[in-house]
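Read through the structure below, which is laid out as structure tokens, and then see the notes.
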Amino acid sequence: MNGVIGIDTSNYTTSIAFFDGIGGENCSKLLPVKQGELGLRQSDAVFAHIKSLPELSGRLFSHIQPTTITAVGVSTRPRAVEGSYMPCFLVGYSHAKLLADMLSVPLVEVSHQQGHVAASLWSAGHMELLLHPHLAWHLSGGTTELLLVEPEGENVACTKIGGTSDISAGQLIDRTGQMLKLPFPSGKHLDALSREAAKKDFFKVKCADMTFSLSGVQNKVQQYHAQNGAPAETAAYALRCVACAVFQATQQALTRYPGLPVVFSGGVASNSMLRQVLAPLNPIFAQPQYSTDNAMGVAVLTYRATEV
């Protein structure tokens with residue numbers, strides 16, 4: 001069956017995917033981060049992508065015939081806005097351009113954020129929302145944005161309407177993980193640890209006009225850990241603070257944009273506590289493996305751009 005290739009080289013994950021209009025396959029690999037460090041320098045991320053992408057491509061093409069590929073898509077920048085740029089996306093673009101030229105097929109460029117939204121909708125079984133306005137959260141290691149998503153040709157336009165005014169939810173989670181000596185990225189480790197907690201403590205973050213600050217929460221988490229000491233309780237406290245802030249902003253957004261569905265994408269969106277706290281608002285969550293950075297959304301948008 002014919003299909004398309006999608007490539008995404010974010011600051012934390014190398015990924016390449018195949019999509020045939022219905023289903024697909026995503027091959028990905030986390031970039032290596034030294035114990036105790038909070039992320040990678042761009043130069044190290046670029047080097048890691050250069051090493052990983054040929055391996056992942058080989059894995060995918062070991063059972064997919066090149067003659068079935070009708071287009072190649074790639075994320076070329078974090079967001080589809082003026083000035084959005086990260087060197088790590090150049091690795092994906094170079095690989096995608098080479099593949100497209102070699103196969104004599106179209107090359108489709110999208111943003112990392114647009115790919116996240118598409119991956120969430122596909123994995124949640126709500127592809128129809130690509131044709132309708134909806135709200136979407138992009139919650140990741142570097143981004144905590146509430147978006148108004150609207151159709152734009154075969155792609156989507158994402159307009160930021162809220163979110164954090166300083167550090168991202170992912171940064172707070174990773175800094176909490178570092179304090180608790182957990183591996184990086186810390187999201188899934190903090191999530192698992194929080195399930196052992198018995199208390200329901202949290203600090204209520206102020207939220208106005210769908211916007212909130214998380215920088216002060218970091219100090220609250222450190223204070224709570226110093227007073228309480230139990231890693232599980234600290235993990236639950238940090239995650240509950242984030243979840244409740246997102247809940248407030250979502251409530252405010254639904255007041256301003258009544259009736260619009262709310263979709264969650266990004267690595268933080270795979271968190272079980274966030275899903276539990278947001279449940280009363282009937283949100284749409286991606287499958288956990290498609291919440292984190294992946295190339296499937298890029299492939300979905302590429303298929304729509306060339307096959308629809």
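The values are calculated or read from the model by the stated rules, or taken from the named source; none is laboratory data. Keep in mind that this is a model prediction, so the values were computed, not measured. Heads up, the Cβs are rebuilt from the backbone with ideal geometry, glycines too, and the neighbour counts pull from every protein chain shown. All accessible areas refer to the heavy atoms of the entire protein, side chains included, with ligands and DNA or RNA removed. Shrake-Rupley method; radii C 1.70, N 1.55, O 1.52, S 1.80 Å.
Looking at this structure, is Ser140 out of contact with any strand residue (DSSP E or B) (no Cβ under 7 Å at 6 or more places or on another chain), at pLDDT 95 or above, open to solvent by 10 Å² or more (accessible area, probe 1.4 Å) and of a type in the set (Ser, Thr, Tyr)?
On the way: out of contact with any strand residue (DSSP E or B) (no Cβ under 7 Å at 6 or more places or on another chain): yes; at pLDDT 95 or above: no; open to solvent by 10 Å² or more (accessible area, probe 1.4 Å): yes; of a type in the set (Ser, Thr, Tyr): yes.
The answer is no for Ser140.
List pairs: first in the range 288-308 and within 19 Å of Arg79 (Cα to Cα) and in contact (Cβ under 8 Å) with a residue 12 or more places away in the chain, second of a type in the set (Phe, Trp, Tyr) and not in a helix (DSSP H, G or I), Cβ under 8 Å, 6+ apart or cross-chain?
From residues that are within 19 Å of Arg79 (Cα to Cα) and in contact (Cβ under 8 Å) with a residue 12 or more places away in the chain, the pairs are Ser291/Phe264; Ser291/Phe285; Asp293/Tyr12; Met296/Phe19; Ala299/Phe18; Ala299/Phe19; Val300/Phe19; Thr302/Phe19.
Would you be able to tell me the number of residues in the range 214-251 that are under 19 Å from the mean Cα position of the chain (by Cα) and over 17 Å from Ser194 (Cα atoms)?
6
Would you be able to say whether some residue in the range 175-193 is under 23 Å from Gly23 (Cα atoms) and at pLDDT 95 or above?
Taking the range 175-193 as the starting set, the residues that turn out to be under 23 Å from Gly23 (Cα atoms) are none.
The answer is no; no qualifying residue exists.
Tell me which residues, restricted to the range 73-104, are assigned to a strand (DSSP E or B) and either touching a His at 6+ places or on another chain (Cβ under 8 Å) or open to solvent by 40 Å² or more (accessible area, probe 1.4 Å) (or both).
Taking the range 73-104 as the starting set, the residues that turn out to be assigned to a strand (DSSP E or B) are 73-77.
Result: Val74, Ser75, Arg77.
Test of understanding: among Pro54, Pro106, Pro32, Pro87, which residue is within 28 Å of Thr144 (Cα to Cα) and modelled with pLDDT of 95 or more? Step through it out loud before you land on a result.
On the way: Pro54 fails: within 28 Å of Thr144 (Cα to Cα); Pro106 fails: within 28 Å of Thr144 (Cα to Cα); Pro32 fails: modelled with pLDDT of 95 or more.
Checking each option against the conditions leaves just Pro87.
Would you confirm whether or not the range 58-72 contains a residue that is open to solvent by less than 70 Å² (accessible area, probe 1.4 Å), in contact (Cβ under 8 Å) with a residue 40 or more places away in the chain and within 30 Å of Leu278 (Cβ to Cβ)? Please lay out each step first, then the result.
Of all residues in the range 58-72, those open to solvent by less than 70 Å² (accessible area, probe 1.4 Å) come to 58, 60-61, 64, 66, 68-72.
Subset that is in contact (Cβ under 8 Å) with a residue 40 or more places away in the chain: 60, 64, 68-72.
Narrowing further to those that are within 30 Å of Leu278 (Cβ to Cβ): none.
No, the conditions are met nowhere in the range 58-72.
Just one of (1) closer than 30 Å to Glu128 by Cα; (2) open to solvent by less than 20 Å² (accessible area, probe 1.4 Å); (3) in contact with a helix residue (DSSP H, G or I) (Cβ under 9 Å, 6 or more places away or on another chain); (4) among the aliphatic types (A, V, I, L, M) trips up Leu107, so point out which.
With (1) closer than 30 Å to Glu128 by Cα; (2) open to solvent by less than 20 Å² (accessible area, probe 1.4 Å); (3) in contact with a helix residue (DSSP H, G or I) (Cβ under 9 Å, 6 or more places away or on another chain); (4) among the aliphatic types (A, V, I, L, M) applied to Leu107, the lone miss is (2).
I'd like the full set of residues that are over 11 Å from Ala71 (Cα atoms) and among the polar types (S, T, N, Q), limited to the range 98-129.
Residues satisfying the conditions are Ser111, Gln113, Gln114, Ser120, Ser123.
Consider the range 150-159. How many of its residues are surrounded by fewer than 24 Cβ atoms within 10 Å (Cβ to Cβ) and touching a residue at least 24 places away in the same chain (Cβ under 8 Å)? Quick ask: steps written out before the conclusion?
To start, the set of residues in the range 150-159 that are surrounded by fewer than 24 Cβ atoms within 10 Å (Cβ to Cβ) comprises 150-155, 157-159.
From the residues that got through so far, the ones that are touching a residue at least 24 places away in the same chain (Cβ under 8 Å) too are 153-155, 157-158.
Residues that pass the stated criteria total 5.
At least 2 residues that are closer than 30 Å to Asn2 by Cβ and modelled with pLDDT of 95 or more in each: list the helices (runs of 4 or more DSSP H) lying fully within the range 224-308 that qualify. Break it down into steps so the answer makes sense when it comes.
On the way: elements: 231-256, 272-278, 296-307.
Once the helices (runs of 4 or more DSSP H) in the range 224-308 are filtered for at least 2 residues that are closer than 30 Å to Asn2 by Cβ and modelled with pLDDT of 95 or more, what remains is 296-307.
Just the residues that are buried (at least 17 other Cβ atoms within 10 Å of the Cβ) and either assigned to a strand (DSSP E or B) or in contact with a Lys or Arg (Cβ under 9 Å, 6 or more places away or on another chain) (or both), please, taken from the range 26-39. Can you show your working first?
Going residue by residue through the range 26-39, those that are buried (at least 17 other Cβ atoms within 10 Å of the Cβ) are 26-29, 31, 33, 39.
Residues satisfying the conditions are Asn26, Cys27, Ser28, Lys29.
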